[in-house]
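The values are calculated or read from the model by the stated rules, or taken from the named source; none is laboratory data. Nothing here was measured: the structure is a model prediction, and the numbers come from that model. Here Cβ is always computed from backbone atoms with ideal geometry, including for glycine, and neighbour counts include all displayed protein chains.
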């Protein structure tokens, strides 16, 4: 899977998670969230699937090089010589927007996860500023993002593939956890109490889990993505063991 395509696909799907994170920021979630969730698939089909359809209609898939933007190829062939500069401006703008959204969600997620923390250092991440913003969590998120700059200086040829592969693997775990949580929620909750239901339950959930497993298998067939997959599994396993150890200490 091409790294650029993989990271673009991940960015689109991360947007789905952001809808849930903004529930606490919305005055009328019963009205706003269903509308936002219904609009996201249409935008993915239009801007992602639609763009790929147009490109594949012009160029055969095996002629598109992974290290060259297909959009630049299209624009140059229609006579726009500054295509590369235009695409770079769009990419930088999109990356800045995605980074801003990621900082927003990670800051609030860290604040939420550390709400009941007992350790003094972890408790600071939940502290809100005078404007009711989790400032410490936002600063920590920004500090982690700066590691990408350091990695880019040390490993400029492989950092993009490494970071995008690790992010994709972690997102597979997150989305899989969300689907499993949804399955348990629907089975333990009366359908009459649910105002906004996911369609085609439970077969859509099983389909998504199968798709995520397929993507994980595809990652194994390339060395760089396989390394990222292994590192992500080690990282998630370490977090699980640390959390279990903390829970045992709290119960003792």
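Quick one: residue 234 ticks every box in (1) surrounded by 14 or more Cβ atoms within 10 Å (Cβ to Cβ); (2) assigned to a helix (DSSP H, G or I) bar one, so which box is it?
(1)
With the requirement that a residue be touching a residue at least 60 places away in the same chain (Cβ under 8 Å) and not in a helix (DSSP H, G or I), what does the stretch 146-163 give you?
158
Among residues belonging to the stretch 36-61 that are surrounded by fewer than 10 Cβ atoms within 10 Å (Cβ to Cβ) and at pLDDT 75 or above, point out the one that is nearest to residue 157 (Cα to Cα).
Selected residue: 60.
Filtering the stretch 64-87 down to residues that are at pLDDT below 75 and within 23 Å of residue 158 (Cα to Cα), which residue is surrounded by the fewest Cβ atoms within 10 Å (Cβ to Cβ)?
67
Quick check: is even one residue across the stretch 168-177 in a helix (DSSP H, G or I), surrounded by 15 or more Cβ atoms within 10 Å (Cβ to Cβ) and more than 14 Å from the chain's Cα centre (by Cα)?
Among the residues of the stretch 168-177, not one is in a helix (DSSP H, G or I), surrounded by 15 or more Cβ atoms within 10 Å (Cβ to Cβ) and more than 14 Å from the chain's Cα centre (by Cα), which makes the answer no.
Consider residue 226 carefully, then state whether it is surrounded by 13 or more Cβ atoms within 10 Å (Cβ to Cβ), out of contact with any strand residue (DSSP E or B) (no Cβ under 9 Å at 6 or more places or on another chain), in contact (Cβ under 8 Å) with a residue 24 or more places away in the chain and closer than 27 Å to residue 98 by Cβ.
Considered against the rule, which asks whether it is surrounded by 13 or more Cβ atoms within 10 Å (Cβ to Cβ), out of contact with any strand residue (DSSP E or B) (no Cβ under 9 Å at 6 or more places or on another chain), in contact (Cβ under 8 Å) with a residue 24 or more places away in the chain and closer than 27 Å to residue 98 by Cβ, residue 226 comes out as no.
Taking the condition of being assigned to a helix (DSSP H, G or I), farther than 18 Å from residue 55 by Cα and within 22 Å of the chain's Cα centre (by Cα), how many residues in the stretch 90-124 meet it?
Residues meeting the conditions: 22.
For every residue, the table says whether it meets (1) touching a residue at least 60 places away in the same chain (Cβ under 8 Å); (2) more than 22 Å from residue 33 (Cβ to Cβ).
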{"position": "191", "(1), (2)": "no, no"}
{"position": "205", "(1), (2)": "no, no"}
{"position": "210", "(1), (2)": "no, yes"}
{"position": "221", "(1), (2)": "no, yes"}
{"position": "236", "(1), (2)": "yes, yes"}
{"position": "239", "(1), (2)": "no, yes"}
